[in-house]
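Trainee: This is the structure, below, for whatever I ask next.
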Amino acid sequence: MAKTPPNPSGRTLTDGATAITDFDKTEAHKAQVKQLFDALIHGTPEQAGAAVQANFAPNYKQHNPMAADGLKGFLAAMLTEQWVFKKQHKVLGEGNFVLSIAEGTHKGKAVAFYDLLRFEGGKIVEHWDVIQEIPTKGLANTNGMFGFR
């Protein structure tokens, strides 16, 4: 993986909180992420915007190299990066950390989205992600990137 520079807020893909807490809230956090992505995938722009505002702390910490902290930074990056979520394949979590594995497009190219979210007080307070183009040539097998069982 190529090393990316810090984002506009000075954060990288490898810094941030790592302590797992709130084990009793694992299922609630996973359900919250499923609902958020359902709104991003199937909702109107207004519903998607309301879901983002309802689930993210206004000053959440962003680690994506192209986005700044907070809701304003996230929404600006959504427009310039042209992230479009089309299907959520898997949601994994433990305590205050939840990982969403989804597919969609980035600037018109098919990609896999791996979004790691950290919760505090029922809100997303930190976000890391990896966005990888889905390969279509030279594959060693036919498993694909989303063959979860």
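Trainee: State yes or no: is L116 closer than 18 Å to A51 by Cα, part of a strand (DSSP E or B) and either at pLDDT below 95 or among the aliphatic types (A, V, I, L, M) (or both)? It would help to see each step written out before you state the result.
Mentor: Numbers: closer than 18 Å to A51 by Cα: yes; part of a strand (DSSP E or B): yes; either at pLDDT below 95 or among the aliphatic types (A, V, I, L, M) (or both): yes.
It is true that L116 is closer than 18 Å to A51 by Cα, part of a strand (DSSP E or B) and either at pLDDT below 95 or among the aliphatic types (A, V, I, L, M) (or both).
Trainee: Kindly evaluate D129 against the criterion of being assigned to a strand (DSSP E or B), touching a His at 6+ places or on another chain (Cβ under 7 Å) and among the acidic types (D, E).
Mentor: On the way: assigned to a strand (DSSP E or B): yes; touching a His at 6+ places or on another chain (Cβ under 7 Å): no; among the acidic types (D, E): yes.
When the stated conditions are applied, D129 does not pass them.
Trainee: In addition: Determine whether I134 is surrounded by fewer than 19 Cβ atoms within 10 Å (Cβ to Cβ), in contact (Cβ under 8 Å) with a residue 12 or more places away in the chain and of a type in the set (V, I, T).
Mentor: On the way: surrounded by fewer than 19 Cβ atoms within 10 Å (Cβ to Cβ): yes; in contact (Cβ under 8 Å) with a residue 12 or more places away in the chain: yes; of a type in the set (V, I, T): yes.
The answer is yes for I134.
Trainee: Just to verify a result, which residue in region 42-96, among those that are closer than 19 Å to Y114 by Cα and among the charged types (D, E, K, R), is least open to solvent (accessible area, probe 1.4 Å)?
Mentor: E81
Trainee: State yes or no: is Q62 among the polar types (S, T, N, Q) and without any contact (Cβ under 8 Å) to a residue 24 or more places away in the chain? Quick ask: steps written out before the conclusion?
Mentor: Numbers: among the polar types (S, T, N, Q): yes; without any contact (Cβ under 8 Å) to a residue 24 or more places away in the chain: no.
Considered against the rule, which asks whether it is among the polar types (S, T, N, Q) and without any contact (Cβ under 8 Å) to a residue 24 or more places away in the chain, Q62 comes out as no.
Trainee: For region 28-41, does any single residue satisfy the condition of being in a helix (DSSP H, G or I), among the aliphatic types (A, V, I, L, M), under 13 Å from I124 (Cα atoms) and open to solvent by 60 Å² or more (accessible area, probe 1.4 Å)?
Mentor: yes
Trainee: In addition: Can you name the residue in region 9-27 that is of a type in the set (S, T, Y) and in a loop (DSSP other than H, G, I, E, B) and, of all such residues, is farthest from L116 (Cα to Cα)? I'd like the intermediate steps shown before the answer.
Mentor: Within region 9-27, the first condition is being of a type in the set (S, T, Y), and the residues that meet it are 9, 12, 14, 18, 21, 26.
Next, from what is left, pick out any that are in a loop (DSSP other than H, G, I, E, B): 9, 12, 14, 18, 21.
Details: S9: 18, T12: 14, T14: 12, T18: 11, T21: 15 Å.
Top of the filtered list is S9.
Trainee: All but one of (1) of a type outside the set (D, E, K, R); (2) under 18 Å from R118 (Cα atoms); (3) out of contact with any strand residue (DSSP E or B) (no Cβ under 7 Å at 6 or more places or on another chain) hold for P6; state the number of the condition that does not hold.
Mentor: (2)
Trainee: I've got another one for you. Being within 26 Å of M145 (Cα to Cα) and in contact with a helix residue (DSSP H, G or I) (Cβ under 8 Å, 6 or more places away or on another chain): is that true of K30 here?
Mentor: Details: within 26 Å of M145 (Cα to Cα): yes; in contact with a helix residue (DSSP H, G or I) (Cβ under 8 Å, 6 or more places away or on another chain): no.
Considered against the rule, which asks whether it is within 26 Å of M145 (Cα to Cα) and in contact with a helix residue (DSSP H, G or I) (Cβ under 8 Å, 6 or more places away or on another chain), K30 comes out as no.
The values are calculated or read from the model by the stated rules, or taken from the named source; none is laboratory data. For clarity, every value in this text was computed on a predicted model and none was experimentally measured. Neighbour counts run over all protein chains shown; Cβ positions are idealised from the backbone, glycine included. We work out accessible area using only protein heavy atoms, side chains counted, and drop any ligands, DNA or RNA first. Shrake-Rupley method; radii C 1.70, N 1.55, O 1.52, S 1.80 Å.
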